[in-house]
1. Can you give me the distance in nm between label points at I131 and A70, each placed 7 Å from the Cα along the Cα-to-Cβ direction?
2. Work out how much length T48 to I182 would gain on full extension: take 0.36 nm times their residue separation and subtract the Cα-Cα distance, in nm to one decimal.
3. Using 0.36 nm per residue of separation minus the Cα-Cα distance, give me the extension gain between H117 and Q102 in nm, one decimal.
4. Quick check on packing: order 33-42, 61-70 by the mean number of other C-beta atoms within 10 Å, highest mean leading.
5. Would you mind checking which residues have amide H under 5 Å from A70's amide H? H placed 1.01 Å from N; only 5 or more apart, or other chain.
6. Quick one: Karplus J couplings for the range 28-45, per residue in order, coefficients 6.51, -1.76, 1.60, θ = phi - 60°, nearest Hz, x for Gly and Pro?
7. Using a simple spin-label model with points 7 Å from Cα along the Cα→Cβ vector, what separation in nm is obtained for S83 and N170?
8. Calculate log10 I(q)/I(0) of the range 22-152 for q = 0.12, 0.19 Å⁻¹, where I(q) comes from the Debye formula with a single equal point scatterer on each Cα and nothing for solvent.
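None of the figures in this text is laboratory data; all of them are computed from the coordinates on show. Quick caveat: nothing in here was measured; it's all calculated off a predicted structure. Quick reminder, even Gly has a Cβ in these numbers, built from the backbone with ideal geometry, and neighbours come from all protein chains shown.
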Amino acid sequence: MKTKLKDNLPVIIVVGIALALLFSGVRDLTDKDHVKTIRVDMCKSVATVVNTYMLIIPTGNDHYYFGLDAESGEGAYIKASKSWYSKNFDAEGMARDNKGVQVIGLLRRPTNDKVEHELRDRTATLRELGISVNSDYVVCMNYKFGAFCKIALVVLGALIVLSVLLDKGNRIPRKVYNIVFITFFVLFILVLFRYIGY
């Protein structure tokens, strides 16, 4: 019994990771309780985090903003792309649309210590000005993309395993395997280092 468990341990670990990714992706897409919607009239950059793999390979930047609904005095920290900001706000941080910009995202705790400290410092100043904001959570606007990446990673991995198991006659060209494996690896790096915690 112990030998069988030892022999199957790598398979059990891989299946466990795959199920965790699949569950996490589906949960993020269906979790309506932690989705926040806020209309933002003003928005300012708070922090930018440069992400790297093994301190060498850049995997993209995370941009954090503070958005304020001037009418209600409610604010929120937002994690969004630089292009989203430049598309919706002018150089002074005012919304280009007179009605404001609707922000919809999943509430997540900041995953970077630098960002967490920066948000806490800013929150103290904002509260002194009478602005209501919670520094414990960030509104992550890219949560759907991250969730789809997790699900796609599991599906692609399952297809690779099934094709290897079912292709006894080696009818699938090696080139196809290489392309699929490279896609799987790139998606794996993306999910592991960019979207596990968003």
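1. Distance between label points: 1.3 nm.
2. Full extension from T48 to I182 adds 45.3 nm.
3. That pair, H117 and Q102, stretches by 2.8 nm at full extension.
4. The most tightly packed comes first, giving 61-70, 33-42.
5. D41, M42
6. Values per residue, Gly and Pro as x: 4, 6, 9, 7, 7, 5, 10, 8, 10, 10, 9, 9, 10, 9, 10, 8, 10, 5 Hz.
7. 4.3 nm
8. Once normalised to I(0) and log-transformed, intensities are -0.48, -1.16.
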